[in-house]
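A quick write-up on the structure given underneath.
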Amino acid sequence: MSTQRIGIIMHGVTGRMGMNQHLIRSVLAIRDQGGVRLKNGDLLVPDVIIVGRNEQKIAELARRHGVERYTTDLDAALANKDDTVFFDAASTQMRPGLLKKAIDAGKHVYSEKPVSESLAEAVEIARHAKKAGVKNGIVHDKLDLPGLLKLKRLRDSGFFGKILSVRGEFGYWVFEGDWMEAQRPSWNYRKQDGGGMVSDMLCHWRYVLDNVVAPVKAVSCNAVTHIPERWDEKGERYEATADDAAYATFELEGDIIAQINSSWATRVRRDDLVTFHIDGTHGSAVAGLHTCYSQARVNTPKPVWNPDQKQTMNFFEDWVEVPDNKVFDNGFKVQWEQFLRHVVEDGPWSYTLEEGAKGVQLAELGYQSSEERRWLDVPALDI
Ligand SMILES: NC(=O)c1ccc[n+]([C@@H]2O[C@H](COP(=O)([O-])OP(=O)(O)OC[C@H]3O[C@@H](n4cnc5c(N)ncnc54)[C@H](O)[C@@H]3O)[C@@H](O)[C@H]2O)c1
């Protein structure tokens with residue numbers, strides 16, 4: 001048994017997602033645990049080079065986390081044949097161009113979502129990767145959330161009977177930034193900088209619905225901007241040109257209706273920041289990020305509508321928690337490990353750029369549906 005090295009170029013890791021989830025909690029965590037175990041028993045150890053625009057920032061990040069290699073020169077990093085994987089978590093707008101550059105340099109590519117702002121670009125880059133024969137992947141982190149894994153477990157066991165509907169509630173109050181600092185980057189609220197709830201979240205809802213419930217067939221969406229002005233990281237007022245909420249309904253295979261509300265302008269009074277409620281003929285379940293509660297047909301209470309009397313039933317008490325039954329690792333890290341195995345030993349991997357393009361497709365259709373105020377079918381992609 002020995003160790004193998006894999007050189008990874010990481011771009012956009014001074015940002016929120018890149019630094020916390022990808023660099024620290026995934027790749028460096030894999031390095032610090034000794035590597036990823038391969039089929040032949042070897043340990044695959046990431047050797048990272050981090051790339052950023054600001055030398056001081058990137059050097060400081062490298063120093064803080066014991067990363068030996070950093071640079072501001074992406075082209076030089078891509079030219080190094082010893083680094084075979086390129087990862088991007090920088091701005092969505094730059095992503096297709098960066099991925100193309102990396103593919104042309106012969107790198108395997110992995111990236112944050114969305115792949116791009118437009119479907120045309122997403123399809124083009126997915127085709128380009130396929131043609132070049134490089135391994136490629138896109139983050140689909142929600143699928144490895146314990147709550148969603150439990151929902152999938154219930155579905156696969158037949159718990160729901162026939163699934164009828166799904167109700168998703170996502171979001172929380174993102175402060176405007178005037179009297180209270182905002183907790184998300186300001187670009188998210190500017191269309192011209194790649195922001196927008198539909199573009200941000202419908203690509204997640206695509207793979208969640210496709211994989212945990214059933215394939216998405218049609219969409220009707222209303223994208224709105226509830227809060228028209230916000231204050232940025234420097235405390236300067238700006239016009240919020242992007243949608244900060246999306247109220248969407250989806251038709252799924254099997255006549256299932258899914259409604260998902262996504263909002264940065266809602267105050268939370270539910271189990272978690274995202275909840276998915278599935279109703280089926282034989283049972284229902286509600287999942288948050290970690291927990292999942294189920295109610296089987298035989299445990300279903302029988303409420304009677306009576307507006308003259310204060311409610312005496314506590315509906316939350318009629319649900320049973322689905323046990324963990326295993327230890328769940330960080331979803332981003334789980335996906336990194338799968339992707340690295342896919343690169344070096346052709347391990348199983350489903351979340352290619354083609355799947356990423358499906359997410360961008362749903363977002364694009366969501367915007368079109370909202371603008372034209374009508375339902376749209378989701379056609380199959382030809383990549
Ligand atoms: N999977 C998820 O749940 C999830 C959640 C949030 C964001 N994201 C995605 O991650 C990406 C980054 O989002 P974030 O919230 O971390 O944003 P962020 O603003 O915190 O980080 C953006 C990063 O990109 C870099 N960057 C921006 N413009 C650049 C340029 N011109 N040249 C070089 N680098 C540049 C910044 O320096 C920073 O490192 C986006 O594509 C977003 O859609 C995914």
Inset, instruction - State which residue is nearest to residue 80 (Cα to Cα) when the search covers only region 97-120 and only residues that are in a helix (DSSP H, G or I) and away from the ligand (no atom under 13 Å from the Cβ). - result: 102
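Restricting to region 1-22, name every residue that is small (Gly, Ala, Ser), within 16 Å of the ligand (Cβ to nearest atom) and either modelled with pLDDT under 95 or more than 18 Å from residue 77 (Cα to Cα) (or both).
Matches in region 1-22: 15 only.
Scan region 308-328 residue by residue and report those that are part of a loop (DSSP other than H, G, I, E, B) and either touching a Cys at 6+ places or on another chain (Cβ under 9 Å) or in contact (Cβ under 8 Å) with a residue 24 or more places away in the chain (or both).
Selection gives 319, 322, 324, 328.
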Inset, instruction - With the condition kept exactly as written, say whether any residue in region 221-231 is more than 29 Å from residue 96 (Cβ to Cβ), among the polar types (S, T, N, Q) and modelled with pLDDT of 95 or more. - result: no
Inset, instruction - Give the residue that is nearest to the chain's Cα centre (by Cα), with candidates limited to residues of region 109-128 that are buried (at least 24 other Cβ atoms within 10 Å of the Cβ) and within 22 Å of residue 338 (Cα to Cα). - result: 113
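How many of the residues in region 81-117 are free of Cβ contacts under 8 Å to residues at least 60 places away in the same chain and not small (Gly, Ala, Ser)?
8
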Legend entry - Pick from region 184-200, criterion within 9 Å of the ligand (Cβ to nearest atom) and of a type in the set (S, T, N, Q), ranking: nearest to the chain's Cα centre (by Cα): 199
Legend entry - Qualifying position, being within 14 Å of the ligand (Cβ to nearest atom), within 19 Å of residue 111 (Cβ to Cβ) and surrounded by fewer than 13 Cβ atoms within 10 Å (Cβ to Cβ), among 25, 53: 53
Inset, instruction - Could you figure out which of (1) in contact with a strand residue (DSSP E or B) (Cβ under 8 Å, 6 or more places away or on another chain); (2) away from the ligand (no atom under 15 Å from the Cβ) isn't true of residue 70? - result: (2)
Inset, instruction - State whether one or more residues within region 222-233 are under 22 Å from residue 115 (Cα atoms) and in contact with a Gly (Cβ under 8 Å, 6 or more places away or on another chain). - result: yes
Inset, instruction - Name every residue in region 129-144 that is in contact with a strand residue (DSSP E or B) (Cβ under 8 Å, 6 or more places away or on another chain), buried (at least 22 other Cβ atoms within 10 Å of the Cβ) and not in a strand (DSSP E or B), in order of residue number. - result: 129, 134, 139
Inset, instruction - Quick one: in region 317-361, of everything that is of a type in the set (Lys, Arg) and touching a helix residue (DSSP H, G or I) at 6+ places or on another chain (Cβ under 7 Å), which residue is farthest from residue 122 (Cα to Cα)? - result: 333
Legend entry - Given (1) in contact with a helix residue (DSSP H, G or I) (Cβ under 7 Å, 6 or more places away or on another chain); (2) within 21 Å of residue 134 (Cα to Cα); (3) within 12 Å of the ligand (Cβ to nearest atom), number of the condition residue 94 does not satisfy: (1)
Inset, instruction - Keeping to region 175-233, report how many residues are more than 24 Å from residue 267 (Cα to Cα), surrounded by 22 or more Cβ atoms within 10 Å (Cβ to Cβ) and not hydrophobic (A, V, I, L, M, F, W, C). - result: 2
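Looking at 247, 238, which is the one that is out of contact with any Phe, Trp or Tyr (no Cβ under 9 Å at 6 or more places or on another chain) and part of a strand (DSSP E or B)?
Matching residue, one of 247, 238: 247.
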Inset, instruction - Report whether or not residue 167 is assigned by TED's automatic domain parsing to the domain that holds residue 232, more than 29 Å from residue 267 (Cβ to Cβ) and either within 16 Å of the ligand (Cβ to nearest atom) or under 21 Å from the mean Cα position of the chain (by Cα) (or both). - result: no
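The values are calculated or read from the model by the stated rules, or taken from the named source; none is laboratory data. Given the structure is predicted, the values throughout are model-derived calculations rather than measurements. With ideal geometry, Cβ positions are generated from the backbone for all residues, glycine too; neighbour counts draw on all protein chains shown.
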